[in-house]
Amino acid sequence: MDDSYNIFICGVGGQGIIKTSVIIGEAAMNEGYNVSMSEIHGMSQRGGIVSTELKIGDYKSSVIESHCANLILGFEPIEIVRSLNKANNDTKLIFNIRPIVPSNINSQTNDYPNIEKLIAILKDNYEYTFPIDANKIAEDVGSIVTLNMVLLGSAIANNDFILSKKSIIESMKSNLRSTFHEMNLNAIEMGYEAVKNIG
Amino acid sequence: MELKKLISGNNENLFLLGNEAAVRGAIEAGISVASTYPGTPSSEIGDLFSVLAKDSNIYFEFSVNEKVAMEVVAAAAASGLRSFTFMKHVGLNVASDSFMSVAYTGVKGGMVVLTADDPSMFSSQNEQDNRNYARIANVPVLEPSNPQEIKDMVIYGFELSEMFKLPVIVRTTTRVSHMRGIVEIGEININNTHSNTNNNINNTNTDNINNKEISSNVDSNVYWTKGRFEKNPKQFIPVPENALVMHKELVFKINKIEEIANRHEFNKIFKFNENNSYGNFGVITSGSAFNYVYDVVVKDNLGLDIFKLGFSYPFPRKAFLEFIKDKSAIFVAEEVDPIIEKDVLAIIAEFNLNVVVFGKLNNVFPLIYEFNPDIVRNSLNKVFAGIKSIGVNFTDSNSTSDLVNKCSSGIDFNLLKNLIAKFNNESYDSFNPTGSYEDTWNYNKELNDLIESLPLRPPTFCAGCGHRATYFAVKRAVEELDIAEKDVIYASDIGCYTLGINPPYETADYSLSMGASIGDGCGFSKATNQKVLSFIGDSTFFHSGVSPLINAVHNKSNFVVTILDNRITAMTGGQPNPGVPVDGVGDDAPEIPIVDIAIAIGAKFVRIINPINMKKTVETYKEAIEFDGVSVIIAKYPCVFVKSQKKKYSMEIDYNKCTDCFDCVNLLACPAISIISNKSVIDSSACRGCTTCVQMCKSKAIKVKRSS
């Protein structure tokens, strides 16, 4: 299973995580890989956690073993911390730094952690930590709805990503409405550049 | 992928969700009728039929509940049509009464029942294993492991059903229904009638159906193929005289089907002991568990043969005996109940074989929750470590594959038996039924502290949800009546409103099943002197709340029934229900007014309120709680996901008036309001303009923004 790649994607309901994952999965299929994907989104519309797991390569199951993800793409900063049981020292952690604070935070014992500190701890522990302000990039592109395409662009910018940028873009085009292709293409490019600049 | 590909594509590969593959399978099989009541993890199947049924010449409906859905397809199948119903696992409980009978009466056209189980309860009240239903009803079970198999097994299910004139269960789990994978799609079968298919075990159903003519004569709006019901009381009326015969035939059929299961390709052996060195350990498995077993066996190079059960009931005993003939020990890996394991143990006992079984019953595999690769690896290693511990000496190597190799080449049967005794003797305290493993990764302290201190992210009511406003008003009414919270019982039901369990609402004290809030209310109001308030959604009320409301009124109960009418079946993603003027395929349909039902039942206190009007809502609840008898409140306010919902107002906070009491944050838990730099802040992009916060703010600091 050397020629394989595991991607864990996490965030909050409504951020476009499933669509992003399907785009990657179809791109993998079109490149001739076997691919399986797991999505958990039972109560996602109600502000819950959404996560997907993509296994590209000769697998039967769609669940990534602990500490075996090649890439974790986080749409929200505490959700990437929650997914670290999938990470090892070589895992690429690419994540949006904009918090979505749980709405019942005041009923909870734990406060939302300090973002700067969170990023610093991740950087200390994981060599390939790429925090980006995806919300800002999406707004610069023209709309916050392109957030997921910004993060998709960031994901494919890491140098060991298994699929080509070209097939990702083709897959995006067959999954999203053509009126938004230009904007989404822009978002992918901007997300791509953001990580290239850090990395 | 475009959805239309599900009906237009032919002979190509698509990246499909398990539920999409189920739809494609049914369409390829040429079904004429489909029905469901929505329920996760099967909901997407209905959503897809909702859009695609008409173009595929399929009659589709969201039935009022799963029992009706079962009856709709049973009748269609009795009329010679291929028909398909699908539901979440607990839905089959509701449908089971009719399901048990249709196993007796049988079918003419093929009938497939897909049950989507939910191990680990991602969105369910239990994780019951519906393979048990196959044993109760005596119907065959197919267990897919991935989307391709869902498609293939749905199609084969119809063939098998027609061959034996029996309904067939396809049992998925969340992990399979919500798995995406590459599916090779075939051609669509455009012939929608199947009562003349070959392989009939009897020849009673050879009637010729002239469906086109009938359908065009009856109704020009009919786009599906019609069948024809031929009277045959001996087949279709299970009165005792007939049922005695039917049960005999059913048992006969199941024995015949076992012969097919024994040689069916869905039951497949994966050989990993090519050089016969690891030969006498094996694994028998099904569903998702197979995927994990396969990946672990390959990755860890274990050399264990795998027997994958896809056609799992009736249990293929001959094929299994063939599999274990050279085995001294087998693992049984299955989610959730030890069902295969018990079949396996029975066969081993019957033939008095020296084969040791490692499964759930001797604590090797967890008894609850879904599996994953780590759990499967843990369970396998537990046995390998155990073998080591009872004195089998492997001094030359520690690798697991070598261990297995050694075992195979000379393990003593009695030693393995001792090992089982050891697992069985594990004290209850040390026994971990979840199989969860310690994350032994070496996190440094700072990182570990961060991971441990993360706030939770429970699902919550959306910004602008009417349930929040209702619950807030209820709590206030209780407070204003000076009733202690401990003297109030909130009986809840199955839907978004169950989220009232969480702080700050805490309006769910008891919940059993669909419609149960009203039945529970009857019980609590008789059994206690506490004030009882039941909450049920509109769709759930239609599903199974009407009968208990009749019970409540007739038996002179005394409690408040709130029907949270948000004009949609919200929890499952927004399907229509009989309370709205649209049917399952988007056509106009008669709307059934809940208020008329309540009045017709004879409730003397019936009010429709708009929960967003806080003052009126609080007053109505005070009146209802004091009312002696059954009071019905219909809290009518559309879900924010109902189409055409427009944002009504924008809010702003006047910080000159704001006293930083944070009641708006602490009492509403609205996703649009948060505390930033010690101030309440409204996120205008998240706010839906419901005005609940405006009305509850004691210092009148939150206001509707004047449009500029």
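Within the option set A:ASN70, A:ASN88, being closer than 27 Å to A:ASP3 by Cβ, more than 7 Å from chain B (Cβ to nearest Cβ), open to solvent by 10 Å² or more (accessible area, probe 1.4 Å) and within 16 Å of the chain's Cα centre (by Cα) holds for one residue only, A:ASN70. Sub-9 Å Cβ pairs linking a first residue in region B:563-575 that is assigned by the TED database to the domain that holds B:SER63 and farther than 18 Å from B:SER123 by Cβ to a second residue that is part of a loop (DSSP other than H, G, I, E, B) and at pLDDT below 95, at least 6 apart or interchain, number zero.
Can you confirm whether region B:501-514 contains a residue that is of a type in the set (Gly, Ala, Ser) and crowded, with 23+ Cβ neighbours inside 10 Å? No, because not a single residue in region B:501-514 is of a type in the set (Gly, Ala, Ser) and crowded, with 23+ Cβ neighbours inside 10 Å.
Remark: A:ASP133 falls outside the filter, which requires a residue to be open to solvent by 40 Å² or more (accessible area, probe 1.4 Å), modelled with pLDDT of 95 or more and within 9 Å of chain B (Cβ to nearest Cβ).
Listed here are the residues, each with its yes/no results for (1) modelled with pLDDT of 95 or more; (2) within 28 Å of A:LEU185 (Cα to Cα); (3) touching an Asp or Glu at 6+ places or on another chain (Cβ under 8 Å).
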{"residue": "A:GLU76", "(1), (2), (3)": "yes, yes, no"}
{"residue": "A:THR91", "(1), (2), (3)": "yes, yes, no"}
{"residue": "A:ASN110", "(1), (2), (3)": "no, no, no"}
{"residue": "A:LEU147", "(1), (2), (3)": "yes, yes, no"}
{"residue": "A:ASN159", "(1), (2), (3)": "no, yes, no"}
{"residue": "A:LEU163", "(1), (2), (3)": "yes, yes, yes"}
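All conditions in (1) buried (at least 20 other Cβ atoms within 10 Å of the Cβ); (2) hydroxyl-bearing (Ser, Thr, Tyr); (3) modelled with pLDDT of 90 or more hold for B:THR460, with the sole exception of (3).
Kindly indicate whether A:ILE56 is within 30 Å of B:GLU184 (Cβ to Cβ), at the interface with chain B (Cβ under 10 Å from one of its Cβ atoms) and at pLDDT 95 or above. Give the derivation first.
Values: within 30 Å of B:GLU184 (Cβ to Cβ): yes; at the interface with chain B (Cβ under 10 Å from one of its Cβ atoms): no; at pLDDT 95 or above: yes.
No.
Restricted to region A:145-179, and to residues there that are within 18 Å of A:SER21 (Cα to Cα) and free of Cβ contacts under 8 Å to residues at least 24 places away in the same chain, the residue that is farthest from the chain's Cα centre (by Cα) is A:ARG177.
Candidates in region B:6-51 are the residues that are charged (D, E, K, R) and out of contact with any helix residue (DSSP H, G or I) (no Cβ under 8 Å at 6 or more places or on another chain); of these, the one that is nearest to the other protein chains (Cβ to nearest Cβ) is B:GLU12.
Checked against the criterion of being within 14 Å of chain A (Cβ to nearest Cβ), part of a strand (DSSP E or B), touching a Ser or Thr at 6+ places or on another chain (Cβ under 8 Å) and closer than 27 Å to A:GLY48 by Cα, region B:121-133 contains not a single residue that satisfies it. Looking at B:ALA243, is it of a type in the set (Gly, Ala, Ser), outside any loop (DSSP other than H, G, I, E, B) and more than 14 Å from every other protein chain (Cβ to nearest Cβ)? Here the answer is yes, as B:ALA243 does meet what is asked.
Go through the residues of region B:180-194 one by one and say whether even a single one is within 18 Å of the chain's Cα centre (by Cα) and either of a type in the set (Ser, Thr, Tyr) or at pLDDT 95 or above (or both). The answer is yes, given that some residue of region B:180-194 is within 18 Å of the chain's Cα centre (by Cα) and either of a type in the set (Ser, Thr, Tyr) or at pLDDT 95 or above (or both).
Right, A:ILE80: of a type in the set (A, V, I, L, M, F, W, C), more than 9 Å from every other protein chain (Cβ to nearest Cβ) and open to solvent by 20 Å² or more (accessible area, probe 1.4 Å) or not? Taking the combined requirement at face value, the residue does not satisfy it. Scanning region B:140-161 for residues that are away from chain A (no Cβ under 14 Å), open to solvent by less than 10 Å² (accessible area, probe 1.4 Å), out of contact with any Lys or Arg (no Cβ under 8 Å at 6 or more places or on another chain) and over 15 Å from B:PRO314 (Cβ atoms) yields a count of 2. Checked against (1) polar (S, T, N, Q); (2) under 16 Å from the mean Cα position of the chain (by Cα); (3) facing another protein chain (nearest Cβ under 8 Å); (4) open to solvent by 10 Å² or more (accessible area, probe 1.4 Å), A:GLN15 meets all criteria but (3).
Let me confirm something: among A:ALA155, A:ALA120, which residue is small (Gly, Ala, Ser) and touching a strand residue (DSSP E or B) at 6+ places or on another chain (Cβ under 6 Å)? Explain how you work it out, then say what you get.
Details: A:ALA120 fails: touching a strand residue (DSSP E or B) at 6+ places or on another chain (Cβ under 6 Å).
Residue meeting the stated conditions: A:ALA155.
Scanning region B:1-29 for residues that are in contact with a Phe, Trp or Tyr (Cβ under 8 Å, 6 or more places away or on another chain) and farther than 30 Å from B:ASN126 by Cβ returns B:MET1, B:ALA29. Within region B:235-251, the set of residues being farther than 13 Å from B:ALA78 by Cα and not aliphatic (A, V, I, L, M) comprises B:PRO238, B:PRO240, B:GLU241, B:ASN242, B:HIS247, B:LYS248, B:GLU249. For first residues located in region B:524-550 and surrounded by 22 or more Cβ atoms within 10 Å (Cβ to Cβ), partners that are among the charged types (D, E, K, R) and lie 6+ apart or on another chain with Cβ distances below 6 Å form the pairs B:ILE536/B:ASP493; B:ASP538/B:ASP565; B:THR540/B:ASP493. Within region B:680-708, if we keep just the residues that are modelled with pLDDT under 90 and open to solvent by 80 Å² or more (accessible area, probe 1.4 Å), the residue that is farthest from B:THR470 (Cα to Cα) turns out to be B:SER708.
The values are calculated or read from the model by the stated rules, or taken from the named source; none is laboratory data. Because the structure is a prediction, the values reported are computed rather than measured. Virtual Cβ from ideal backbone geometry, glycine too; neighbours counted across all protein chains shown. Heads up: the accessible areas ignore ligands, DNA and RNA and are worked out on the full protein's heavy atoms, side chains in. Shrake-Rupley method; radii C 1.70, N 1.55, O 1.52, S 1.80 Å.
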